[in-house]
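The values are calculated or read from the model by the stated rules, or taken from the named source; none is laboratory data. Given the structure is predicted, the values throughout are model-derived calculations rather than measurements. Please note: Cβ atoms are built from the backbone with ideal geometry, for glycine as well, and neighbour counts cover all protein chains shown. With ligands, DNA and RNA removed, areas are computed over all heavy atoms of the protein, side chains included. Shrake-Rupley method; radii C 1.70, N 1.55, O 1.52, S 1.80 Å.
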Amino acid sequence: MAQKAHKTAVFLAWRYLFSKKEHNIINVISGISMIGIMVSTAALVVVLSVFNGMSDIIGSWFNALHADFEVTLHEGKSFPIDSFPMDQLRDIPDVKAVNEIVGDLSLANYEDRQELLYIKGVPDNYLREYHFENMLIDGDTALWKMRQPCAIMGSGVAGRLQVNLLSYDLLKLYYPKRTKKNFANAADAFNTHYLMPSGVICTNTDYDENYIFCPIAFVRELMHYEGEVTSVEIQLKEGANAAKLRPKIENILGEKYCVRDKYEQEESLYRTMKSEKFVIYLILAFILILAAFNIIGALGMLILEKKTDTAVLFSMGAPKSLIQRVFVYEGLMVSALGGVAGTILGAVICLLQQTFHIVKLGGGGSHYIIPYYPVQMRFSDLLIVLATILIISFLTSLIPAYNLKKSNLYRNTAL
């Protein structure tokens, strides 16, 4: 019985949607509602897709120098490598490399310029595994291959220090002594070592502004971390499922160590991007609510126009709930048509942008890293948009339908 009532309500709502109205203003208001929902939906699809595209590009930049997993201590700065289960991690089939890392902040001096920078000591194979040759914009890795004390720095670091790779000027690094400290002589409180600048990389990330890469043996000597590391980086083979491997790695390491994936290593950045995307979604959803409120006026006028029909249905034994459902479904159909049309329109706009790069950044000047707005559609976003439309339209359609229940249109209409 309930299924028959549902089919009847859907049938009547469909007939009312396309039937000729006595008052043309109802069609006008319904059309405005549909267009408003269509435009809002298309805007929502496009904006969310642009955020996805931006996130993917920024993520690819950061991930170029981020390990699949970084292992650090929950408490403390360094730990002995002898007690770390390196061999067990390397025996995992999908693990490509496990690298020892020693790094910390250090004061760098070049000629008369000084900067507080993060010095990252890495093993010899690190440059090859992370394809540094593709990121070099000046210099080379020849000194590194000869295992000489040398530095590969970010472009921002090289610019602020005004490093000249063609000169013989050395980079001087200061690091506080971990054991012996002489507070009477400030110079004696620091270890001092020299490096030859050999290369400059550009990654368009924070690495450009704050990082210097050095051989791990040099950094161990500078910071007195003999036999210790500050972190261990795990790199997976191509196509490996990081989510499935993480529990296995954590089980091997135990509770003493903290394991962070690529996104957790830049947690603040990704949290900010997600927050911005959510705020934009809320703003556009509010605009969608305003567009959907036109449905209230259209349904209210339709209820008045169809009062004879409602009275006939009521006299034939139709319950009030069925008559209410007709107008709720009417509002849902208007919203659904607008939502589907808007989704298709938004998808077409995104595909055109992906293919032809129509909308440029800053007029398409070559000085921009990304010359056009990147877009990346995701099926989950489309589902969220359609669900939002249906929820909003359902709630707005309930208002005139609920008022119909309290009115006397069922009985007081002359048949």
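For region 262-279, does any single residue satisfy the condition of being among the small types (Gly, Ala, Ser), loosely packed, with under 15 Cβ neighbours inside 10 Å and out of contact with any Lys or Arg (no Cβ under 9 Å at 6 or more places or on another chain)? Let's see the steps before the verdict.
Quick first cut of region 262-279, residues among the small types (Gly, Ala, Ser) only: 268, 275.
Subsequent filtering for residues that are loosely packed, with under 15 Cβ neighbours inside 10 Å retains 268, 275.
Narrowing the set further to residues that are out of contact with any Lys or Arg (no Cβ under 9 Å at 6 or more places or on another chain) leaves 268, 275.
Checking region 262-279: at least one residue is among the small types (Gly, Ala, Ser), loosely packed, with under 15 Cβ neighbours inside 10 Å and out of contact with any Lys or Arg (no Cβ under 9 Å at 6 or more places or on another chain).
Quick one: is TYR130 touching an Asp or Glu at 6+ places or on another chain (Cβ under 7 Å) and surrounded by 15 or more Cβ atoms within 10 Å (Cβ to Cβ)? Steps first, answer last, please.
Numbers: touching an Asp or Glu at 6+ places or on another chain (Cβ under 7 Å): no; surrounded by 15 or more Cβ atoms within 10 Å (Cβ to Cβ): yes.
In short, no.
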Open item on the list: If I filter region 294-302 for residues that are touching a residue at least 60 places away in the same chain (Cβ under 8 Å), touching a helix residue (DSSP H, G or I) at 6+ places or on another chain (Cβ under 8 Å) and not in a helix (DSSP H, G or I), do I get at least one hit?
Closed with: no
Task: Positions within region 152-201 being basic (Lys, Arg) and either under 17 Å from PHE218 (Cβ atoms) or modelled with pLDDT of 95 or more (or both), in sequence order - done: ARG160, LYS172, LYS177, ARG178
Task: Close pairs (8 angstrom Cβ cut-off, 6 or more residues apart or separate chains): among the aliphatic types (A, V, I, L, M) in region 369-398, in a loop (DSSP other than H, G, I, E, B) and open to solvent by 50 Å² or more (accessible area, probe 1.4 Å) anywhere - done: ILE369/ASN204
Open item on the list: Restricting to region 70-91, count the residues that are buried (at least 17 other Cβ atoms within 10 Å of the Cβ), over 10 Å from VAL232 (Cα atoms) and under 31 Å from the mean Cα position of the chain (by Cα).
Closed with: 1
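Closer than 26 Å to ILE369 by Cα, touching a strand residue (DSSP E or B) at 6+ places or on another chain (Cβ under 8 Å), buried (at least 18 other Cβ atoms within 10 Å of the Cβ) and β-branched (Val, Ile, Thr): which single residue out of ILE234, ILE201 fits that description?
Numbers: ILE234 fails: closer than 26 Å to ILE369 by Cα.
Within the list ILE234, ILE201, the selection yields ILE201.
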